[in-house]
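As C-alpha cells, the structure follows; a few thoughts come after it.
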C-alpha cells in the first residue's frame, strides 16, 4: 500500500491511500490523526495569554512567529495529540478593538483556521 498525505484541499486535511487492489476499503473518517497537516492560527491578547517569544525567517523568506502563553499551551495540548503542525500568523498583542476586528476578519476570510487568546464575542466569529 502506498500512502500519500494531501493537506488542506477545499479547507479539509485529508490522507489519500493508493492501493493496487480495487477492493481496498477507504480510510476511516477520523479526527484523531491529521498526519502533520498545517493549521494557521490567529492570536489576539496580552501576557500571560499570548506571549511573542521570537520570530525568524524560513528558507522561503516567510516570517515564522514563535508564541507562548496560556492560550498557546492549551492549543498545543490538543494539536500534539492530533498530529497537527501549527503555523502562527502575526500576533495582535494589544487589547484594542481594531486588533480584535483584524483577527476576526482573518478568521472569516479563512486566512486562519483557528483564533486563540482573549477574543471578544463578535458577530464575525459566530457567522458560518
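Readers should treat all values here as calculations from the given coordinates under stated rules, not as data from a laboratory. Being a predicted model, the structure only gives us computed values, none of them experimental. Cβ: placed from backbone, ideal geometry, glycine included. Neighbour counts: every protein chain shown.
If one computes the Cα centroid of the range 82-116 and of the range 62-77, what distance in Å separates the two points?
12 Å
Output the antiparallel fraction of DSSP beta bridges having both residues in the range 35-126, as a percent to the nearest 5.
40 percent
Answer rounded, prolate or oblate for the range 35-126, using the Cα gyration tensor with square roots of eigenvalues a ≥ b ≥ c: rounded when a/c is under 1.5, else prolate when a/b is larger than b/c, else oblate.
Taking the square roots of the gyration eigenvalues as a ≥ b ≥ c, the range 35-126 is rounded.
Go through 39-48, 94-103, 110-119 and give me the packing order, highest mean Cβ count within 10 Å leading.
Ranking the peptides 39-48, 94-103, 110-119 by packing returns 39-48, 110-119, 94-103.
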